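Each remark here refers to the structure printed beneath this line.
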Amino acid sequence: MVQYLVILLDDTAVSFCHNENERTERRLIPLETLRQGILYGMTENLNIQFVYPDYELPQEYLEAIDTIDHTDIRPVSASRDADVVVSESADIAGVDRKSAYVLRLSKAELFAKADSVCALIGQVDRLNIVITDIETFTDADFKAYEACLKKLAEKVEEEYVKGNAPQLNLLTDRIMLDKMNNCGAGDTNITLAPDGKFYVCPAFYQSAGGYAVGSLTEGLDIKNPQLYKLDHAPLCCICDALQCRRCVWLNRKTTLEVNTPSHEQCVVAHLERNASRELLANIRKHGAFMPEIEIKKIDYLDPFDVREQW
């Protein structure tokens, strides 16, 4: 059941996931389309998330946005009063603890800037890292990522010892979850673009090869909606890498199936899962911590490799 509506306020609205926004020319959502989208969200009882470009919107747009409770997702260059700040760099000055931060980094940038990311962990309450080129991971990259996660985990542990409780999606989410917490595109959330049409997620509008799933005038029309649901992903529905995003756009890009992650996405998720298990054990060395949580030891990194025993 759809619970969230993402509204892209401009063709150049910031990307906050794995995809690059390939649209470079500004096209502001028509004011009437924005109002209709807000009304749709209200009538369907949806939580609305507005995604901003890097320039200031006209006053009448801001007034329309303020007619409903919402979440603001802004690029770091226009991060004033943002609930979520998106950055393409790990080097951010003047962070605000009131905001959550999303870092969109390539694997090379993440490995090279691990120290900067560690510094951010100590400065913000919530940090999400999105790797923009997961599909290019090699065996050597998996080793490097494992080492990077260990370094980030040491910083998280250090903060917990100080009495802080930073959240890092790659490590702490798995500790806190008791069920899958995937992106939910096409299932629990949909996107409204400046053209007045609905899309599974922003990537299906911002990147080549996407497709609409209805419009404000014709309503929502998702073909084969069951394919976007967890219970129609045979391996995912019994997997315990609960923090895995299962990015629908990345699935389609790499496997041609929206409900089937690639080998690379699965291995990355399980490296994070195992690092979370080790982090949990290390935090417990300093005192009692969430004794009800258990992350079991496993001997695989891709569920597909052990599908027969499942």
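The values are calculated or read from the model by the stated rules, or taken from the named source; none is laboratory data. Computed from a predicted model, the values in this text were never measured in an experiment. So basically every Cβ, Gly included, is an ideal-geometry build from the backbone, and we count neighbours across all protein chains shown. Note: areas computed on protein heavy atoms with side chains; ligands, DNA, RNA excluded. Shrake-Rupley method; radii C 1.70, N 1.55, O 1.52, S 1.80 Å.
Nearest-5 percent of antiparallel DSSP beta bridges in the chain?
Expressed as a percentage, antiparallel bridges in the chain total about 20.
I'd like the Karplus ³J(HN,Hα) series for the range 60-74: coefficients 6.51, -1.76, 1.60, θ = phi - 60°, whole numbers in Hz, and an x wherever there's a Gly or Pro.
5, 6, 4, 5, 5, 4, 6, 7, 9, 4, 7, 10, 9, 10, 10
Nearest-5 percent of antiparallel DSSP beta bridges in the range 105-235?
Bridges in the range 105-235 that DSSP calls antiparallel: roughly 60 percent.
Would you mind working out the accessible area per residue for the chain, using a 1.4 Å probe, and quoting it in Å²? Don't skip to the end; give the middle numbers.
Details: 14900 Å² over 310 residues.
Solvent-accessible surface per residue comes out at 48 Å².
Could you work out the helix-only [θ] at 222 nm for the chain, with each DSSP H run of four or more residues adding -39,500 (n - 2.57) and the total divided by the number of residues, to the nearest 500 deg cm²/dmol?
The helix-only estimate for the chain comes to -9500 deg cm²/dmol at 222 nm.
Working out 0.36 nm times the residue gap between Ala208 and Arg284, then minus their Cα-Cα distance, what length gain in nm do you get to one decimal?
Details: separation 76, 0.36 × 76 = 27.36 nm, distance 4.65 nm.
Full extension from Ala208 to Arg284 adds 22.7 nm.
Quantify, in whole percent, the carbon and sulfur part of the accessible surface of the range 107-173 (1.4 Å probe; protein heavy atoms only).
49
Report, in listed order, any pair from Lys229/Lys296; Lys98/Lys296; Lys98/Lys223; Lys197/Lys253 with a Cα-Cα distance greater than 29 Å. Intermediate results must be reported in sequence, preceding the final value.
Values: Lys229/Lys296 25 Å; Lys98/Lys296 34 Å; Lys98/Lys223 39 Å; Lys197/Lys253 21 Å.
Violating the 29 Å limit, Cα to Cα: Lys98/Lys296; Lys98/Lys223.
I'd like the carbon and sulfur percentage of the solvent accessible area for the range 186-310, probe radius 1.4 Å, heavy atoms only, ligands and nucleic acids excluded.
Looking at the range 186-310 in its full context, I get 51 percent from C and S.
Using each residue's phi in the range 17-34, evaluate 6.51 cos²θ - 1.76 cosθ + 1.60 at θ = phi - 60° and report the 3J(HN,Hα) Karplus result to the nearest Hz, with x for Gly and Pro.
Taking θ as phi minus 60°, the curve returns 10, 6, 7, 8, 7, 7, 8, 10, 9, 5, 8, 6, 4, x, 4, 5, 5, 4 Hz for the range 17-34.
Work out how much length Leu235 to Thr255 would gain on full extension: take 0.36 nm times their residue separation and subtract the Cα-Cα distance, in nm to one decimal.
5.8 nm
Can you list the HN-Hα couplings for the range 144-158, worked out from phi with the Karplus curve (6.51, -1.76, 1.60; θ = phi - 60°), rounded to whole Hz and with x for Gly and Pro?
These are the phi-based 3J(HN,Hα) values: 5, 5, 4, 5, 5, 4, 4, 5, 5, 5, 4, 5, 4, 4, 4 Hz.
Size of the dipole of the chain about the Cα centre, Lys and Arg at +1 and Asp and Glu at -1 on the beta carbon, nothing else charged, in debye to 20?
Working: 33 positive and 49 negative charges, 130 e Å.
In total the dipole reaches around 620 debye.
Suppose every Lys and Arg Cβ carries +1 and every Asp and Glu Cβ carries -1, with no other charges. What dipole size does the range 1-49 come out with about its Cα centre, to the nearest 20 debye?
Charge dipole of the range 1-49: 120 debye, to the nearest 20.
Scale the Cα Rg of the range 185-281 by the rule-of-thumb value 2.2 N^0.38 Å and send over the ratio, two decimals.
Taking the Cα Rg and dividing by 2.2 N^0.38 Å, one obtains 1.22.
Straight-line reach from Lys285: which aspartates and glutamates fall under 19 Å, measuring Cα to Cα and dropping same-chain residues less than 8 apart?
Within reach: Glu154, Glu157, Glu158, Glu159, Glu294.
Report the FRET efficiency, 1/(1 + (r/R0)^6), for Asp115 and Glu159, where r is their Cβ-Cβ distance and R0 is 22 Å, rounded to 0.05.
That pair, Asp115 with Glu159, gives E of 0.90.
Along the Cα-to-C-beta direction of Ala93, a point sits 7 Å from the Cα; which residues of the range 124-138 have their amide N less than 17 Å from that point?
none
For q values of 0.26, 0.27 Å⁻¹, compute log₁₀ I(q)/I(0) with the Debye formula on a Cα-only model of the range 140-203, without solvent.
For the requested q values the scattering log ratios are -1.04, -1.08.
Calculate how many DSSP beta bridges within the range 1-106 are antiparallel, expressed in % of all such bridges and rounded to the nearest 5.
Antiparallel bridges: around 5 percent, rounded to the nearest 5.
How far is it, in nm, from the label point at Leu220 to the one at Asp305 when both lie 7 Å from their Cα along the line to the Cβ?
The modelled label-to-label distance comes out at 3.8 nm.
Mind ranking 248-261, 180-193 by how tightly packed they are, going by the mean number of other C-beta atoms within 10 angstrom, highest first?
Ranked by mean Cβ neighbours within 10 Å, highest first: 180-193, 248-261.
Expressed in nm to one decimal, what extension gain is obtained for the pair Leu31 and Ile68 from 0.36 nm per residue of sequence separation less their Cα-Cα distance?
Working: separation 37, 0.36 × 37 = 13.32 nm, distance 1.50 nm.
Contour length minus the Cα-Cα distance gives 11.8 nm.
Could you order peptides 210-216, 99-105 by the average number of other Cβ atoms within 10 Å of their residues, highest first?
Those peptides, ordered most packed to least, come out 99-105, 210-216.
Which of Phe198, Asn128, Val86 sits farthest toward the positive end of the charge dipole of the chain, with +1 on the Cβ of Lys and Arg and -1 on the Cβ of Asp and Glu?
Asn128
Considering only protein heavy atoms and a probe of 1.4 Å, how much of the accessible area of the range 1-98 is carbon and sulfur, as a whole percent?
Roughly 46 percent, rounded to a whole number.
With point charges of +1 on the Cβ of Lys and Arg and -1 on the Cβ of Asp and Glu, referenced to the Cα centre of the chain, which listed residue (Cys237, Asn19, Ser77) lies farthest in the positive direction of the dipole?
Cys237
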